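Note sheet for the following structure.
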Amino acid sequence: MDKISWNYVIAFYLFTAGVSAGALIASLVADLSGNRQYDRIVKIGAFIAPFPLTLGTFALIFDLERPLSFWRLFTRFEPSSVMSIGAWILLFFSLVSFVIFYMHIPNRYDILKIKDKISNGCLSKTIKIVGMILAFATATYTGILLSALVARPFWNTSLLPMVFLFSAIIDGIAAICLVLYSLPKEALSWDELMPSKHFLGKLDMTFLVLLSISLSFLIMGLYQTTEHGNYAVAVIMGGPLTVVFWLGVIVVGMLLPLIYGLFEMLSPFSGAEEKRHKPLLALLVSSSVLIGGFMLRYVVVYAGQLTGPILQ
């Protein structure tokens with residue numbers, strides 16, 4: 001571990017960026033579907049989106065040797081620098097996510113008196129489309145940043161941005177579920193909850209399958225490349241990160257939610273469905289997804305440093 005320069009703070013920053021982007025993607029997908037039954041998802045996702053990334057950014061800034069100098073990153077734009085492009089993407093994503101957050105606040109909190117202007121018509125649609133583009137860019141950028149470091153065999157794969165994208169959406173859905181299932185019955189009736197539950201469940205299962213496939217291909221790709229790739233994948237196959245990867249990422253973050261999702265999908269729909277729904281179990285599964293999402297970034301950040309750089 002004496003080779004580690006990027007620590008758990010970087011993993012936390014990448015994780016929070018993914019949660020923010022994923023929550024906004026889920027919110028906007030529900031919104032753009034036009035189904036008013038998903039209004040609760042739309043609002044919860046919009047309320048969550050700005051804050052995880054803000055928290056992660058503050059943690060990253062205060063972890064710097066000179067935290068008060070971070071603003072210099074925004075004094076110029078370097079189109080050839082992945083880090084410069086990413087910094088501006090994250091800045092614009094943060095701004096747009098706060099605008100979308102403001103669009104959903106109750107009217108009594110509209111102190112700027114602009115909610116009606118930005119929440120209706122073409123301007124609203126434009127903001128949401130831009131927000132969707134920036135959310136996808138934010139979710140994939142963190143993977144692109146690492147994959148651009150070609151000297152690190154664990155990072156140098158085109159599948160890493162896809163892994164981070166799928167994981168971000170899953171984490172965002174889990175964050176929405178944590179809030180949704182924490183609401184008291186007085187605030188959310190079963191008739192309101194059921195459509196949101198089914199929508200989030202189908203979306204979650206889709207991206208869990210996609211994450212499983214992309215992560216499998218990433219590992220197999222490392223096995224089939226050079227000896228550097230074999231050395232890289234050995235870190236999670238008997239090496240120092242084996243337990244964290246297989247227990248934290250695979251079992252807690254993916255297998256448990258998949259089993260729970262399959263049980264929900266395959267169970268017959270009936271009048272007893274309301275009784276079968278266990279909010280505490282759903283909250284535990286959502287929490288396990290978020291734990292797995294952080295562990296995935298932790299493993300990737302540390303594994304890339306433990307298995308590089310490649311010296312030419």
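All but one of (1) at pLDDT 90 or above; (2) part of a loop (DSSP other than H, G, I, E, B); (3) among the β-branched types (Val, Ile, Thr) hold for Ile4; state the number of the condition that does not hold.
If we test Ile4 against (1) at pLDDT 90 or above; (2) part of a loop (DSSP other than H, G, I, E, B); (3) among the β-branched types (Val, Ile, Thr), just (1) comes out false.
With the structure loaded, tell me whether Leu165 is assigned to a helix (DSSP H, G or I) and not β-branched (Val, Ile, Thr) or whether it fails that test.
yes
Could you say which residue among Leu290, Leu296 is among the hydrophobic types (A, V, I, L, M, F, W, C), surrounded by 19 or more Cβ atoms within 10 Å (Cβ to Cβ), in contact with a Ser or Thr (Cβ under 6 Å, 6 or more places away or on another chain) and modelled with pLDDT of 95 or more?
On inspection, the qualifying residue turns out to be Leu296.
Looking at Ile219, is it among the β-branched types (Val, Ile, Thr), modelled with pLDDT under 90 and more than 19 Å from the chain's Cα centre (by Cα)?
Spelling it out, Ile219 is indeed among the β-branched types (Val, Ile, Thr), modelled with pLDDT under 90 and more than 19 Å from the chain's Cα centre (by Cα).
Hey, can you tell me all the residues within segment 135-165 that are buried (at least 24 other Cβ atoms within 10 Å of the Cβ), within 17 Å of Ser20 (Cβ to Cβ) and not small (Gly, Ala, Ser)?
Selection gives Thr138, Tyr141, Thr142, Phe164, Leu165.
Identify all residues within segment 222-239 that are within 13 Å of Asn156 (Cβ to Cβ), modelled with pLDDT of 85 or more and in contact with a Ser or Thr (Cβ under 8 Å, 6 or more places away or on another chain); write none if there are none.
Listed by number, the list is empty, since nothing qualifies.
The values are calculated or read from the model by the stated rules, or taken from the named source; none is laboratory data. What you are looking at is a predicted structure, and each value in this text was computed from that prediction instead of being measured. Positions of Cβ are generated from backbone atoms using ideal geometry, with glycine treated the same way; all protein chains shown enter the neighbour counts.
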